[in-house]
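Notes follow the structure.
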Amino acid sequence: MNYWVWTLNLDPLGLKCKVVAHMMPDLPNVGVERDLESFKEFFESPAFRADGLKIYPTLVIRGTGLYELWKTGRYRNYPPELLVDIVARILSMVPPWTRVYRVQRDIPMPLVTSGVEKGNLRELALARMEDLGLKCRDVRTREAGIQVCLF
């Protein structure tokens, strides 16, 4: 992957900030393996270490260049079950210091021509993780109120 990594050092000024990354699986000409490798590198490389993550699977919206590719058959989204599986595998890679803020965009479904078909992609991915025996370790899933506490 070729990324420009900007280092923002505000600590000498006593300032702190959170870095939230936005990642898009299912971009044209990428494929499942490359998507998963990109996320793996993102989570494992010391060059990144984001505090938060928003996962935005690619959506086809009328009036965009991607729509034109989709209309002519040069781009196809991942099938829904495959997308759920990919997001489940991505969530299983998230390090414990990272919060997953979002798993899909809040775009009204009438505007979406192709892409995520369900509004509960995170829930579907978490259920798939359970089926695969995978764990989600992000900050959000470990917070009080999310976990069932048995005393």
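None of the figures in this text is laboratory data; all of them are computed from the coordinates on show. As the structure is a computational prediction, the values presented were derived from the model and not from experiment. With ideal geometry, Cβ positions are generated from the backbone for all residues, glycine too; neighbour counts draw on all protein chains shown.
Some notes on this structure:
- Segment 16-142: translational diffusion in µm²/s, Stokes-Einstein, Kirkwood Rh over Cα pairs, 37 °C, 0.692 mPa s: 215 µm²/s
- Counting only residues at least eight positions apart within a chain, or on another chain, the lysines with an alpha carbon under 20 Å from that of Lys118 are Lys54.
- Percent of alpha-carbon pairs separated by more than 12 Å within segment 76-129: 66 percent
- Selection from Ser114, Leu124, Val30, by position along the positive dipole direction of the chain (Cβ): Ser114
- Expressed to the nearest 5 percent, the antiparallel share of DSSP beta bridges inside the chain is 20 percent.
- Calculated mean residue ellipticity at 222 nm for the chain: -9500 deg cm²/dmol, from DSSP H runs with n ≥ 4 weighted as -39500 (n - 2.57), summed, divided by the residue count and rounded to 500.
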